[in-house]
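One structure is given here, and the rest of the page talks about it.
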Amino acid sequence: MNQQALQILKTYFGYDSFRAYQDTLVEQVLAGHDVLGVMPTGAGKSLVYQVPALMHDGITIVVSPLISLMKDQVDALKQAGVKAAFLNSSLPPHERDAVIKQVRDGLCKLLYVAPERLEDSKFLDLCSEIAIPLIAVDEAHCVSQWGNDFRPSYKVISRFVSGLSNRPCVCALTATATNEVRDDIIKALELKNPYVCVAGFDRENLYLGVLQPKPADKQKTLLAQIKKHAEQSGIVYCSTRAATEEVCELLQEEGLSATKYHAGLSDLTRKRNQDDFLFDRARIMVATNAFGMGIDKSNISFVIHYNMPCDLESYYQEAGRAGRDGSSAECVLIYNKKDVITANFFAEKSAEERRISGMDPVLSEELYARDLERTRKMASYAKTTDCLRSFVLRYFGETDTPYRCEHCSSCEAESEIIDATTEAQKIISCILRLEQRERAVGRVMVVDILRGSQSQNLLRMGLDSLSTYGIMKEVSKTFVHAVLEALIEDGLLKVTDSKYPVVNCTQQGREFLKNRDSFDFKVAKTKTRAASESEGQPGKAKSSKVRSAALAQDVDQELFAKLKALRADIAREQDIPAF
Ligand code: ADP
Ligand code: MG
């Protein structure tokens, strides 16, 4: 590794070593190659451009989408002794001029700007006078229509870059890992033969858990989860403003120190609440997904999702805000089937908005199908008995081998492998019989047919005359559903969206029947998962207590308390968060 880079890492940022993928990326940037780094929130993307920025002559321009966060990032850099500044519309004109002068005088190494600035003539003049060796594009997925936060203004970046007299090296960073977004970024930013790195999705210190309480027990489950983290900071994510309000009120009524954040609050209130959380004046943040982009609070010990997000990217990004300081933290998803309906409703709403905005209907349909598929994957995560960590890593493309991490609720739940070959054959046969009749039905109907239901709908469609009608009468509904889900998950069946989601057979499913393959299926050994969850006491509670107790033993508590008090004093003096 480049010694000077290590020296800078130590001097300014206080770290002894780069993380595995950081060093490669830094080396690539230093060698002048364009790079695309895909790493989850908290992986340490900033250093990938900050360290090279301090080694290059001239100034590094950082394009960042959120004005509200630029100040925090710049403050943090200044705190570390780095000459940094930002330019955006929140600055009054005279301060903007002061920054421009500072840049012109060479008194700045990193300049953060919003993409809109790249079209401003005054700024362009400035750029023609100074040396710009490197451009970092943070949250680069904003350039992609496939991403969740597409910003048209990101489209100007490539024009800006090609307009400079010496083309700088471009370093694009994002936490969004889908292939479409990756390709889009490379194309839209016109990256030249970029070095692409997907890494860091495995966060060992995070415990991953899924709970599935009965709807009536949801609040109790939430409170029990929060109780496990006395005095620790955490976030509770909700899918709607209304739920956010309701949960925040619930926590406050319980005497917990909670604040809230969602798009329905005024800017001022949002800022105040966010600061309360960042500065540890409020212990728990209850928020919609509007909260958190770029938030660098290292001491978050838990992230609980009170509702299931629409896709796994969002989930893992939000959950990943826990445990940034490397100490053990918990990410728990409280899952309810209804959340899928809400997520699909959001997808439909976006599709409607696209229609109104006049988007090409074919593209719009594609995006809609993509949204539904992502939600389906998210729900699979919530329902899987596979290791949650390996599920995530496979999803993001960091690994393709399933394994057991022993640090998630799936691995900790006792499960057993059941031979479900006969059940699988019956289910697939049933789908094939339906296909012979050129019929496709949803999951519930498939199960009803197999179990010989007398439902009006079924009888009206004459499905009771299928040869597979009632052939699984003796099997519980839950079990038939579970095998059906497993078959979908394994790709033997697939769900296709027409007017509503219907189940079809895949080539793999046909071959399975033809070859008389066997089908193993993992299920929770006892029903304890559901039972203990409703009490909010999943098996893992114990183990994480044991872990923190072990940590605490190694610490001189008295000294630790003194240091914490001192830190709080210093933080207050300098008006920065204590962590
Ligand atoms: P991202 O932008 O990927 O979400 P950040 O750049 O904000 O992540 O970094 C997340 C946290 O990780 C920060 O607190 C940062 O100081 C820390 N960090 C980054 N690199 C290292 C490293 N090499 N060693 C220790 N901590 C690091
Ligand atoms: Mg970042």
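Some values worked out for this structure:
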| read-out | value |
| --- | --- |
| Label-point gap, in nm, between Thr422 and Leu107 - each point 7 angstrom along Cα→Cβ | 8.3 |
| Packing-based exposure ordering (other Cβ within 10 Å, fewest first) of His481, His56, His141, His94 | His94, His481, His56, His141 |
| Pair Asp569, Tyr12: separation of 7 Å Cα→Cβ label points (nm) | 3.1 |
| Extension gain from Asn179 to Thr269, taking 0.36 nm per residue of separation minus the Cα-Cα distance | 28.7 nm |
| Tensor-based shape of segment 243-399 (alpha-carbon gyration tensor, a/c under 1.5 rounded, otherwise prolate or oblate) | oblate |
| Gain upon complete extension [Ala98, Asp520; 0.36 nm per residue less C-alpha separation] | 145.1 nm |
| Sorted by Cβ density within 10 Å, fewest first, the residues Tyr306, Tyr15 | Tyr15, Tyr306 |
| Rounded to 10°, Cα long-axis angle of helix 67-79 versus longest principal axis of the chain | 50 |
| Distance between segment 175-199 and segment 260-312 - C-alpha centres, whole angstrom | 28 |
| Mean separation of Cα contacts under 8 Å (6+ apart) over length of the chain, as relative contact order % | 12 |
| Sorted by Cβ density within 10 Å, fewest first, the residues Thr478, Thr468 | Thr478, Thr468 |
| Loop-located GluC sites (Glu not before Pro) in segment 180-254, at most 15 other Cβ atoms within 10 Å (DSSP) | Glu190, Glu204, Glu231, Glu254 |
| Radius 11 Å from Cβ of Asp386, net charge of other residues (Lys, Arg +1; Asp, Glu -1) | +3 |
| From the C-alpha gyration tensor of segment 228-275, square roots of 5λ in Å | 19, 13, 10 |
| Gain in span if fully extended, Arg370 to Glu352, counting 0.36 nm per residue against the direct Cα distance | 5.0 nm |
| Segment 217-243-segment 399-451 distance, computed between alpha-carbon centres (Å) | 32 |
| Asn205-Met359 pseudo-label distance in nm [points 7 Å out on the Cα-to-Cβ vector] | 3.8 |
| Total lysine pairs whose alpha carbons fall under 23 Å of each other in segment 240-362 (8 or more apart, or interchain) | 5 |
| Cα-centre dipole for segment 171-283 with unit charges at Cβ (Lys and Arg positive, Asp and Glu negative), debye to 20 | 80 |
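Each reported figure results from applying straightforward, stated rules to the coordinates on display, with no laboratory input. The structure presented is a predicted model; accordingly, all values stated were derived computationally and were not measured. Positions of Cβ are backbone-derived with ideal geometry, glycine not excepted, and every protein chain shown enters the neighbour counts.
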